[in-house]
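Asker: Below is a structure I'd like to ask you about.
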Amino acid sequence: MKNLSFLIVVITLYSFQLQAQSTTENRIAYSYLSGIFENGIVEQLDKSKLSSKEEKLYTKCKEKLEAITISYFEQNLTSKLKDKNMEVMPLNAVSVMGMGATNLKGNPAIFFPKKTLKKHADKDIADTFLSASISINKPIVSIGGMKPEVIVTLKHFNKKGELINKSTANAKTEKKVSNIGFSVSQSESFNKIDMDHIEILFSRVEEPINLATEDAFNQLFVDGEISEN
């Protein structure tokens, strides 16, 4: 009877340990986050030459477009991870823990995960890491408008920086994006130094961003769990 009681205690403790491990293994942090909105798209829609003063404003518009792209992409991914019961670490987790791996925009930028993560494997940052990049590209042919292509690449790493799985997906806008219809007047053409026009331009590619992100994300999951290649 004593042996049976001891066995029950051991099994119970082991069960609690497995539950704790299962919870802990759900922690995930971004090791890399990048978003690019190709300048060629903007230049194709508005080919006008700018003064030196306008060039500065144009630089701000391009920075805003990139910031919107990265922010929208990250929020989309984070929401999907949480829906899978993943505990998403703060975006600055890798830098706060002393890795110093961020780009000029403050986003995580571990370019060599196998080397960097392995070096810091003893730091309790997360159980796995996600590298996520998105690019919105101008098509080669753009007559009478264009259908920008969105490409999303996701890479999932363990604590030692070893690649667990990778996925890539792409999608194009259903309708062509042209330089008209960027204000109350549908005939008003796109202005690359107008912040409102920049936001409208981004809204034109939201659908393919959602589609490509969804596709790439689903490739990482099998029966609700992150898959391994």
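Asker: What are the pairs with Cβ atoms under 7 angstrom where one residue, in segment 115-128, is in contact (Cβ under 8 Å) with a residue 60 or more places away in the chain and the other, located anywhere, is open to solvent by 100 Å² or more (accessible area, probe 1.4 Å) and in a loop (DSSP other than H, G, I, E, B)? Sequence gap at least six, or different chains.
Answerer: Cβ pairs passing all conditions: Leu117/Lys160; Asp127/Glu25.
Asker: Something else now. Of Phe182, Phe157, which residue is without any contact (Cβ under 8 Å) to a residue 40 or more places away in the chain and among the aromatic types (Phe, Trp, Tyr)? Explain how you work it out, then say what you get.
Answerer: Numbers: Phe157 fails: without any contact (Cβ under 8 Å) to a residue 40 or more places away in the chain.
None of the other options fit; the residue is Phe182.
Asker: I need every pair where a residue in segment 33-59 that is β-branched (Val, Ile, Thr) has its Cβ under 6 Å from the Cβ of a residue that is surrounded by 14 or more Cβ atoms within 10 Å (Cβ to Cβ) and not in a helix (DSSP H, G or I), sequence separation at least 6 or different chains.
Answerer: Within 6 Å, the pairs are Ile36/Ser135; Ile41/Lys138; Ile41/Pro148; Val42/Lys192.
Asker: Next question. Could you tell me how many of the residues in segment 179-196 are touching a strand residue (DSSP E or B) at 6+ places or on another chain (Cβ under 8 Å), open to solvent by 80 Å² or more (accessible area, probe 1.4 Å) and at pLDDT below 80?
Answerer: 2
Asker: I need the full set of residues from segment 67-79 which are surrounded by fewer than 17 Cβ atoms within 10 Å (Cβ to Cβ) and either hydroxyl-bearing (Ser, Thr, Tyr) or closer than 26 Å to Asn218 by Cβ (or both), in order please.
Answerer: Kept after step one, since they are surrounded by fewer than 17 Cβ atoms within 10 Å (Cβ to Cβ), are these residues of segment 67-79: 67, 71, 75, 79.
Across segment 67-79, the qualifying residues are Ser71, Gln75, Ser79.
Asker: With the requirement that a residue be within 27 Å of the chain's Cα centre (by Cα) and open to solvent by less than 40 Å² (accessible area, probe 1.4 Å), what does segment 44-66 give you?
Answerer: Taking segment 44-66 and keeping what is within 27 Å of the chain's Cα centre (by Cα), we get 44-45, 57-66.
The answer is Leu45, Tyr58, Cys61, Leu65.
The values are calculated or read from the model by the stated rules, or taken from the named source; none is laboratory data. All of these numbers come straight from a predicted model, not from anything done at the bench. We place every Cβ from the backbone using ideal geometry, glycine too, and count neighbours over all the protein chains shown. Just so you know, the surface numbers come from the protein's heavy atoms only, side chains and all, with ligands and any DNA or RNA stripped out. Shrake-Rupley method; radii C 1.70, N 1.55, O 1.52, S 1.80 Å.
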